[in-house]
Structures are given as structure tokens and as C-alpha cells.
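For reference, the structure is listed below as C-alpha cells.
The values are calculated or read from the model by the stated rules, or taken from the named source; none is laboratory data. Keep in mind the model is a prediction, meaning the values are calculated, not measured. All Cβ positions, even for glycine, are placed from backbone atoms using ideal geometry, and neighbour counts span all protein chains on display.
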Amino acid sequence: MAAKGERTERETLEPEVILAERDGLGWITLNRPKAINALTHGMERAITPALRRWAAADAIRAVVLTGAGERGLCAGGDIVAIYHAAKTGDRAEAREAAEFWRAEYELNHAISRFPKPYVAVMDGIVMGGGVGLAAHGSVRVVTERSMVGMPEVGIGFVPDVGGTHLLARAPGLIGRHVALTTARMSGADAIAAGFADHHVPADALPALLDALGVDPVVDAVARFATPAPESELAVQRDWIDDCYAADTPAEIVRRLCAHGDAAARKAAEQILAKSPIAVSVALRSLRAAAETDSLAENLNREFRVSVAALRSHDLVEGIRAQVIDKDRNPRWSPATLDDVTEAQIDTYFEDLGDRELGLRDVTVQSEGQS
């Protein structure tokens, strides 16, 4: 999840998400360009019913997701409200924060089960919640400008929106590296890691979007896709797979520091700058996600972790340091990876009883179905 941006007067007058139907396509345009289209609860509530309508509409043969502006598809979720809920401990605000996540994860799951082609144009910045909107789609397009990542542990949070499901399925242990360092993936990296499918030059996107309105999706994409450049992450698989196979985050860091590759030592520094408890919970989450093929089950687990994070010190402190005060100097508690206990990690995975997310792996239903 990423920072909330200030809304301009123009944005106040325009809808946060533009939904349209033309040329046999359902178009979703995230429309908060000043905030790099950061996702709000209202945007979630608009998109989900649209997907249900389009799933049932014979006139709609595919859905296309894009973002307004030049900076990116979506910088993540709008976390300022999450910060206030976690800081004050107010029950009503905490419930609202939990409902934001509930709606978001339900939408992520619906995208993954959408019965028609869902084309996500992942140009520019695609972080956190933006990954949830795009990377569960069936046709995922990146460009040379794409910057894809899961930055959560840097704010005391943990990869969510089905991110653990995607990261756990990346080749080797690339997903652990991306999650624990908050590494930004290029378009080529995103394809190599399984977050995207097709590389299209940014200057060809307008022509691609026009072609989608005329031709079958597979034909339109094939016409404009080009071979992806070499993935730097894929090239680094040897030391990534070796170092991240360690049992604990602290041991991962020790292996990275001892490795001869400068990139490995840099990764160690990056992990050590992140929230120790968030890094520890993220590693356990990724291991659990690797043990099931069910996105629904992994989203259900992420929901438990997200709700637990509202009670944590580090979520408040991380957002304060990165988004509110912007001093970039978080004071984590526990302060080091060696200080984190298994009991502390356990609290993030406790059953929520009747507040569970409760997703099941069924195909998204159209309106009027039960």
C-alpha cells in the first residue's frame, strides 16, 4: 500500500474511477493522477459491481484496466486513513480500515476468477494495491517504464492483495528477495517473476488500446508485444536462491553479508532498514502461501495479518516516517531481527472468528446469480 495524495480541485470534481463500455470492452480507468491513482474504498466499491455486470453482459467480451496520468497505473492503497485508525485505536476507524481491506481482497479475488479476458496495462508505477488490481488478471502488459513492487515491509506492514500468493510462485526465491527488500521490478523482472505476461513498448500503448476495441485480445496483444529485455533478477538467481533459503530473516541477512556479490550485500542493508517484525511475518506468510495453490486461502491469511497489523507499533511508525512526517527515520519495535520472537509473529496469524474474510475459490458471479 502506498501514500495518499492531495486531491486537486479538478480531481474533486471528477470521479476517482471512470467506468465505460465501448467497442465490446469494459474500461476501468483509475482517475487520481496526482496521487498516482492510489486506491480508495470508494474506487473498490465502484469496480466490483462493474465486474459483475460485465461478467454477465454478452456485449462485453473483455475488460481493460488503465491509469490516468503519466506516472503509473496505481501507487497502491490510500493508507492515511489506515494510519489514523492504527494510531488512535478507535474501534470504528479500525472496523473501517478492516472493511477497506475486505473489499480490496474480495476485488482481487474477483479479478483472478473473472471469466473473460482482463487486460491490465501496468505502465509506470504499479505498487502494492496496484499489483492486486493488475497482476491477478489474465492478460498483464508491462513496458520499459514499468516499476512493479510490494513495498509493505518498509512501512511496518506485510505484502497483501494476494501478493504473498504471487511472490511465493516466483521462480526460485526471487519472491522472498522482492518482499523483504521491497525491490522494484522492471517490466522484464515482472515477467520473469510471474507478475506480468507481455512486454509492449510504451509508445505503442495507444495503438494497442485502439486495437483491443477491434480485434480479439490475443491478436491485438500479439501484434504489439516485443521480446522483454533480460531480467536482472533472473540473472541474480544463484545468490538469491542460496541466501534466501535460510530459515530466519536474521540468517538470510548473515548469508547476504557474507556473500561476495555486491548486490547481495546491498540486499542485506535494505532488509535491515525495514521493520524487523514485518520482515519476519512476511517470511512466514510467504512460506505458508507456497504450501497452497488457493489464492482465496492466501488472501484469507493476509486479511488476518492486516487486521493484526492495526494493533502493531510498526505500522503507525512506518507510515509516520515515510508518509506523514517524511523524516525517513522509523524507530522499529522490536528494534532488530534477532529481537523478534516466534510468539510475536504468531499473533499476526490468529483466527478472527466471525470477522474472517472467508473467501472461497469460486468464479466471480454476475449480478442476479446466487
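Tabulated results
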read-out	value
Filter result for Val178 (assigned to a loop (DSSP other than H, G, I, E, B) and within 21 Å of Ala273 (Cα to Cα))	no
Single residue of the range 291-312 satisfying the filter (closer than 16 Å to Ala97 by Cβ and part of a helix (DSSP H, G or I)) that is farthest from the chain's Cα centre (by Cα)	Ala308
Set Arg311, Arg284, Arg301: member being at pLDDT below 95, closer than 30 Å to Arg360 by Cα and touching a helix residue (DSSP H, G or I) at 6+ places or on another chain (Cβ under 8 Å)	Arg311
Single match in Ser294, Ser275 (criterion: crowded, with 20+ Cβ neighbours inside 10 Å, polar (S, T, N, Q) and at pLDDT 95 or above)	Ser275
Residue among Gly187, Gly194 that alone is at pLDDT 95 or above, under 29 Å from Ala296 (Cα atoms) and touching a His at 6+ places or on another chain (Cβ under 6 Å)	Gly187
In the range 339-370, residue nearest to Arg61 (Cα to Cα) [restricted to those that are modelled with pLDDT of 95 or more and hydroxyl-bearing (Ser, Thr, Tyr)]	Tyr348
Selection within the range 216-240 - assigned to a helix (DSSP H, G or I), within 30 Å of Arg176 (Cβ to Cβ) and without any contact (Cβ under 8 Å) to a residue 60 or more places away in the chain	Glu232, Leu233, Val235, Asp238, Trp239
Lone unmet requirement of (1) touching a residue at least 24 places away in the same chain (Cβ under 8 Å); (2) more than 24 Å from Thr143 (Cα to Cα); (3) touching a helix residue (DSSP H, G or I) at 6+ places or on another chain (Cβ under 8 Å) for Glu93	(1)
Qualifying residues in the range 192-215 (those that are in contact (Cβ under 8 Å) with a residue 60 or more places away in the chain and closer than 15 Å to Val119 by Cα) - the one surrounded by the most Cβ atoms within 10 Å (Cβ to Cβ)	Phe195
Tally, over the range 77-102, of residues that are touching a Lys or Arg at 6+ places or on another chain (Cβ under 9 Å), among the small types (Gly, Ala, Ser) and assigned to a helix (DSSP H, G or I)	5
Within the range 19-59, tally of residues that are in contact with a Phe, Trp or Tyr (Cβ under 8 Å, 6 or more places away or on another chain) and either in contact (Cβ under 8 Å) with a residue 24 or more places away in the chain or under 19 Å from Trp101 (Cα atoms) (or both)	7
